[in-house]
1. Go ahead and run the numbers for FRET between LYS116 and LYS162, Cβ-Cβ distance against an R0 of 35 Å, rounding to 0.05.
2. Just list whichever of LYS93/LYS143; LYS95/LYS162; LYS111/LYS143 have alpha carbons separated by over 19 Å in the model shown.
3. Once R0 is set to 30 Å, what does the formula 1/(1 + (r/R0)^6) return for the Cβ-Cβ distance between LYS96 and ASN75, expressed as a FRET efficiency to the nearest 0.05?
Amino acid sequence: MVLVRVRFLDRNKIKAMIDIVKFEKWLTDRGAEIIPVTNEYEALRFKGREVGVLYKSGKVSNRYTSLTIRCFKHNKSWYGKPKQVGRSKNYSKQKKKILERDGRSCFYCGKIMELKDVSLEHLIPLSMGGKNELSNMVLAHEKCNNEVGNLPIYKKVNLAIKMRIENIKDNQ
């Protein structure tokens with residue numbers, strides 16, 4: 001069991017012991033990501049809505065970290081989960097607009113898609129800084145979309161060209 005004495009950033013300077021392993025599990029269960037510590041003075045670093053650091057000395061990096069530890073200690077709800085990256089609330093509206101704009105052919109293979117098979121594809125992946133905007137989205141078969149994954153845009157376009165050429169050859 002790894003224990004760290006924690007001093008909160010409040011007027012009362014409350015001190016408490018927390019089990020780092022249990023705290024890590026509590027954070028990950030609530031959607032936070034445990035990230036690598038950056039120096040030998042840090043006991044734990046995590047990313048939720050903000051980055052939080054718990055130092056071996058017991059100090060914390062900011063009010064966000066202090067609040068997070070208090071929620072953990074007193075078994076209170078915590079809303080520090082990172083903002084959702086991925087499907088927006090307007091997913092079906094975006095899909096409909098792109099269907100009107102591009103038709104029902106898959107961006108990658110060029111084949112006509114059944115409506116149940118249509119998925120939105122971000123040309124510049126969200127994980128690489130792409131936006132949830134129509135200008136960054138195309139439609140693709142679920143299978144084609146999964147096959148491409150998180151590739152950079154130039155590799156996606158090259159793959160689309162290759163797949164379309166293969167489909168033309170297959171149809172001759």
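1. Details: r = 26 Å, r/R0 = 0.74.
According to the calculation, E is roughly 0.85.
2. LYS93/LYS143; LYS95/LYS162
3. Numbers: r = 44 Å, r/R0 = 1.46.
Computed FRET efficiency for LYS96 and ASN75 comes out at 0.10.
Read-outs throughout are calculated quantities, based only on the coordinates presented, and are distinct from any laboratory measurement. What you see is a predicted model, and the numbers here were worked out from it, not measured in a lab. In this analysis, Cβ positions are derived from the backbone assuming ideal geometry, glycine residues included, and neighbour counts consider all displayed protein chains.
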